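The values are calculated or read from the model by the stated rules, or taken from the named source; none is laboratory data. Because the structure is a prediction, the values reported are computed rather than measured. With ideal geometry, Cβ positions are generated from the backbone for all residues, glycine too; neighbour counts draw on all protein chains shown. With ligands, DNA and RNA removed, areas are computed over all heavy atoms of the protein, side chains included. Shrake-Rupley method; radii C 1.70, N 1.55, O 1.52, S 1.80 Å.
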Amino acid sequence: AAAGTAAGAAAPEPVRVTVAPDRGQAAPLPRLGLGLASHDAPLTPREVARLRALGLAHLRVDLELYDPGYADRLELALAQSQSLEVPLEMALHVSDAADEELGALVAALASQRHAVARWLVFHAGEKSTSERWLALARRHLAGHGAPVYGGTNAYFTELNRERPPHDAIDGVAYSINPQVHAFDDASLVETLAAQRDTLHSARAFAPGLPLAVTPITFKPRFNPNATGPEPEVGPGELPREVDVRQMTPFAAGWTLGSLKYLGEGGADSLTYFETSGWRGVMEREAGSPLPSLFRSSPGQVFPLYHVLADVGECSGGSLVESVSSEPLAVEVLALHARGRDRILVANLSARTQHVELTSPRLAGHRLVSPRLVGPRPVGPRPVGPRPVGPRPVGPRPTSTVRIKTLDDSSLAQATAEPEAFRADPGLLREVRDGRLELCLAPHAICRIDPEEVTEP
């Protein structure tokens, strides 16, 4: 719908969204990465181009060093790391034979071109890494110059119960997903603010250490409390780790909320989803293995791709403090990078939401006429009749923004032709006194970019 507007019944009261009036930033924007796809297929040139457009900081790969087959996955990860021009976040899973396993890995890497952002060290028999395995890892990996993180491959609960040895690690890692106890949309939205709380708790027992939330997935990857092998999935059924909402606008709004709260909580690094496939940011070009159940189109990007792209374009920047009067219905993520602001507003609900956005930051981008600005002319007044028309009175205090909306009206192009969708800057709209009214269709996401415009 034009300028973020869609037909629908008006809410009794608008949701009020406020972005901080000053230029102070709430927190640095975390470095963002993705996980290596679990389908183990190589990336196509078009997939590489689309992933590079996200401004990624790293690519996570999980290596079970006790499984001889990990060498193939390592080779795939190294190739994709080089194609995407990002370092690897290497999650190393060791057994009681960790000394030999780590030595073999270092020997394998000696002949490979590689860049590592961080090592994550986990033990197959522990829910949170103990000091013994961390000490071995630090000894073997010392020559690679990347920090060694401890923590858990499972959830914050496991990390909190078995806290890692502070002096033995360079950082703390744990994963997040919103579907441990409840599975409906409303319950998933309610998990968002709690993500920030996990970081505040982690800071309390790991002061001064970087925090990496990795990976962040829509469904659990495994059951950390299982006492035996999990039952096999029947033929024609989706794997337990796959949720059809991965490809929906709802998942895009959830991702926006997750980025907001984890960023505000002070995460240093975030790893979301996978590169491609039904757990990724886009469908692989071969298409869905079960198209009757996971009804994606071959090669399409998922709506959450655009949220990550909008944030990735602000990499190296900061989050600006922002608040919604109804965060379970509408959420806002405000960013500042390279002297410019960007505001993302997501409708997390299945009904139309009217939003009243207030931000004095928007008032800093004026629409002015250069003919009306400048010093008063020096010299005698001209002789003759006065010009007919309104008198110039100085700068006109009208702000301008570009508004780009992802909703049902733009979804087809956004998913099938993401390059064309992103090339369109959106509609130009005037803002007075730093206030903007929006009407967001169900699960719509609106991007607002203040823009300097000068009249001819």
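So the values come out like this:
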| read-out | value |
| --- | --- |
| Listed peptides 156-163, 104-111, 260-267 by packing density, highest first (mean Cβ within 10 Å) | 260-267, 156-163, 104-111 |
| Nearest-0.05 FRET efficiency for A350 and S297, computed from C-beta distance (R0 30 Å) | 0.85 |
| Principal axis dimensions, the chain - Cα atoms, whole angstrom, descending | 97, 51, 41 |
| Sparse-neighbour loop sites [GluC sites (Glu not before Pro); the range 55-138; at most 16 other C-beta within 10 Å; DSSP] | E85, E126 |
| Gap separating the Cα centres of the range 123-150 and the range 155-197, nearest whole Å | 21 |
| For peptides 279-285, 36-42, sequence by mean Cβ density within 10 Å, most packed first | 279-285, 36-42 |
| Estimated inter-spin distance, L328 and A108, nm [label 7 Å along Cα→Cβ] | 4.8 |
| Estimated FRET transfer efficiency when R0 is 41 angstrom, pair H144-R16 (beta carbons, to 0.05) | 0.25 |
| Accessible surface, the chain, averaged per residue in Å² (probe 1.4 Å) | 45 |
| Accessible carbon and sulfur surface of the range 166-223 relative to its total accessible area, %, 1.4 Å | 56 |
| Reciprocal mean inverse distance between Cα atoms of the range 135-205 - Kirkwood radius, Å | 13.9 |
| Length gained when the stretch E419-A186 is fully extended (0.36 nm per residue, less Cα-Cα span) | 80.7 nm |
| Relative packing of 293-301, 269-277, 235-243, 354-362, which averages over residues the other C-beta atoms within 10 Å, highest first | 269-277, 354-362, 293-301, 235-243 |
| Full-stretch length increase - L411, E321 - with 0.36 nm per residue and alpha-carbon distance subtracted | 29.5 nm |
| Between 0 and 90°, nearest 10: helix 192-205 axis offset from the chain longest Cα axis | 60 |
| Coarse-grained scattering of the range 42-136 at q = 0.12, 0.15, 0.22, 0.24 Å⁻¹, given as base-10 log I(q)/I(0) from a Debye sum over alpha-carbon atoms | -0.41, -0.61, -1.11, -1.24 |
| Cα long-axis angle, helix 131-141 against the chain (0 to 90 degrees, to the nearest 10) | 80 |
| The range 284-317 versus the range 31-46: alpha-carbon centroid distance in Å | 11 |
| Degrees between helix 70-84 axis and first principal axis of the chain (Cα, 0 to 90, nearest 10) | 20 |
| Cβ-derived FRET efficiency at R0 25 Å, D99 paired with R163, nearest 0.05 | 0.55 |
